[in-house]
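Enquirer: Sharing a structure with you now.
The values are calculated or read from the model by the stated rules, or taken from the named source; none is laboratory data. Please read all numbers here as calculations on a predicted model, not as lab measurements. Please note: Cβ atoms are built from the backbone with ideal geometry, for glycine as well, and neighbour counts cover all protein chains shown. Accessible surface areas use protein heavy atoms only, side chains included; no ligands, DNA or RNA. Shrake-Rupley method; radii C 1.70, N 1.55, O 1.52, S 1.80 Å.
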Amino acid sequence: MSTVLTVPEPEYWQDACKHLMKRDRVMKKLIPRHPDVCLQSRGDAFVTLARSIVGQQISVKAAQSVWDRFESLTRKMTPAQVLKLKVDDMRASGLSARKVEYLVDLALHFADKRVRVSDWPEMDDEAIITELVAIRGIGRWTAEMFLIFHLMRPNVLPLDDIGLQTGISQAYFSGEPVSRSEIREVAGSWAPFCSVATWYIWRSLDPLPVSY
């Protein structure tokens with residue numbers, strides 16, 4: 001199993017919880033049900049994105065199994081090490097041909113410095129999303145997960161996230177399907193802490209936090 005490198009609680013977390021509990025009736029009940037847990041990051045940009053590619057369109061359990069086999073191919077999961085791997089070995093770990101292509105493209109973007117990792121802390125969310133979706137296999141949802149779980153940006157609202165849609169449907173609309181505009185309307189009282197509210201909506205569906 002890979003080691004989870006976690007960083008401390010985001011500095012805004014307690015303020016965010018107070019804001020959300022004050023502004024939103026669902027959050028007022030939901031947040032106290034999940035004490036002593038918060039958003040966590042593995043602290044490695046390349047690994048976070050590689051894991052997101054491996055996990056696309058398969059279950060969390062299957063993704064972890066494939067990741068463990070893929071990770072065992074190299075002593076340390078770095079762009080340079082991935083570029084040294086043989087395609088056949090990557091395929092044998094359970095990766096599809098397409099995911100192998102995506103992981104190689106990701107490694108090339110990092111190795112060639114086509115992504116400006118050192119600039120990300122100063123860049124706004126949309127600028128980072130634009131940079132990330134230029135990598136094959138990374139769409140807007142994956143980029144938004146990266147903003148939340150790696151960069152810990154406080155105000156990301158991933159409209160295409162199934163968990164967010166389901167959680168809002170159950171908590172605010174008695175299980176009725178929700179539109180993007182309805183999600184935005186609910187999230188109006190969450191800003192500037194949409195990431196935190198989204199994280200708690202996920203907890204309403206699955207109490208066990210995930211890290212990417």
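Enquirer: Here are the criteria: (1) under 13 Å from the mean Cα position of the chain (by Cα); (2) farther than 25 Å from residue 33 by Cβ. Tell me which single one residue 153 does not satisfy.
Expert: Of everything listed in (1) under 13 Å from the mean Cα position of the chain (by Cα); (2) farther than 25 Å from residue 33 by Cβ, residue 153 misses just condition (2).
Enquirer: Residues to consider are 29, 76; find the one that is out of contact with any strand residue (DSSP E or B) (no Cβ under 9 Å at 6 or more places or on another chain), in a loop (DSSP other than H, G, I, E, B) and free of Cβ contacts under 8 Å to residues at least 60 places away in the same chain.
Expert: 76
Enquirer: Oh, and also: Based on this model, can you work out whether residue 65 counts as out of contact with any helix residue (DSSP H, G or I) (no Cβ under 6 Å at 6 or more places or on another chain) and free of Cβ contacts under 8 Å to residues at least 24 places away in the same chain?
Expert: No: the conditions fail for residue 65.
Enquirer: Ok, one more. Does residue 105 qualify as being part of a helix (DSSP H, G or I), open to solvent by less than 60 Å² (accessible area, probe 1.4 Å), farther than 30 Å from residue 204 by Cβ and of a type in the set (D, E, K, R)? Don't jump to the end; show me each part of the working.
Expert: Numbers: part of a helix (DSSP H, G or I): yes; open to solvent by less than 60 Å² (accessible area, probe 1.4 Å): yes; farther than 30 Å from residue 204 by Cβ: yes; of a type in the set (D, E, K, R): yes.
Here the answer is yes, as residue 105 does meet what is asked.
Enquirer: Any residue in the stretch 184-208 that's under 12 Å from residue 16 (Cα atoms): show its pairings with residues that are open to solvent by 60 Å² or more (accessible area, probe 1.4 Å) and not in a helix (DSSP H, G or I) at Cβ separation under 9 Å, as long as the two are six or more apart or on different chains.
Expert: Close Cβ pairs (under 9 Å, with a partner that is open to solvent by 60 Å² or more (accessible area, probe 1.4 Å) and not in a helix (DSSP H, G or I)) amount to 190/155; 191/155; 192/155; 193/155; 194/155; 195/155; 196/155.
Enquirer: Can you give me the number of residues within the stretch 157-176 that are over 23 Å from residue 29 (Cβ atoms) and either buried (at least 20 other Cβ atoms within 10 Å of the Cβ) or out of contact with any Phe, Trp or Tyr (no Cβ under 8 Å at 6 or more places or on another chain) (or both)?
Expert: Number of matching residues: 1.
Enquirer: Another question about this same structure. Given the conditions (1) open to solvent by less than 50 Å² (accessible area, probe 1.4 Å); (2) out of contact with any Pro (no Cβ under 9 Å at 6 or more places or on another chain); (3) closer than 20 Å to residue 13 by Cβ, report the number of the one that residue 199 does not fulfil.
Expert: Tallying (1) open to solvent by less than 50 Å² (accessible area, probe 1.4 Å); (2) out of contact with any Pro (no Cβ under 9 Å at 6 or more places or on another chain); (3) closer than 20 Å to residue 13 by Cβ, residue 199 fails exactly one: (2).
Enquirer: Please state which one of 161, 105 is acidic (Asp, Glu) and not assigned by the TED database to the domain that holds residue 25.
Expert: Selected residue: 105, the only one of 161, 105 that is acidic (Asp, Glu) and not assigned by the TED database to the domain that holds residue 25.
Enquirer: Something else: On the basis of being assigned to a helix (DSSP H, G or I), without any contact (Cβ under 8 Å) to a residue 40 or more places away in the chain and surrounded by fewer than 18 Cβ atoms within 10 Å (Cβ to Cβ), does residue 134 make the cut?
Expert: no
Enquirer: Scan the stretch 187-206 for residues that are of a type in the set (Val, Ile, Thr) and touching a His at 6+ places or on another chain (Cβ under 8 Å) and jot them down.
Expert: Passing the criteria: none in range.
Enquirer: Being part of a loop (DSSP other than H, G, I, E, B) and either more than 12 Å from the chain's Cα centre (by Cα) or among the β-branched types (Val, Ile, Thr) (or both) is the filter here, so list the residues in the stretch 32-42 that pass it.
Expert: 34, 35, 36, 37, 38
Enquirer: Here's a follow-up. Among (1) touching a residue at least 12 places away in the same chain (Cβ under 8 Å); (2) open to solvent by 80 Å² or more (accessible area, probe 1.4 Å), where does residue 126 come up short?
Expert: (1)
Enquirer: Among the residues of the stretch 172-202, what is the count of those that are of a type in the set (Gly, Ala, Ser), assigned to a helix (DSSP H, G or I) and within 22 Å of residue 34 (Cβ to Cβ)?
Expert: Residues flagged as of a type in the set (Gly, Ala, Ser), assigned to a helix (DSSP H, G or I) and within 22 Å of residue 34 (Cβ to Cβ) within the stretch 172-202 amount to 3.
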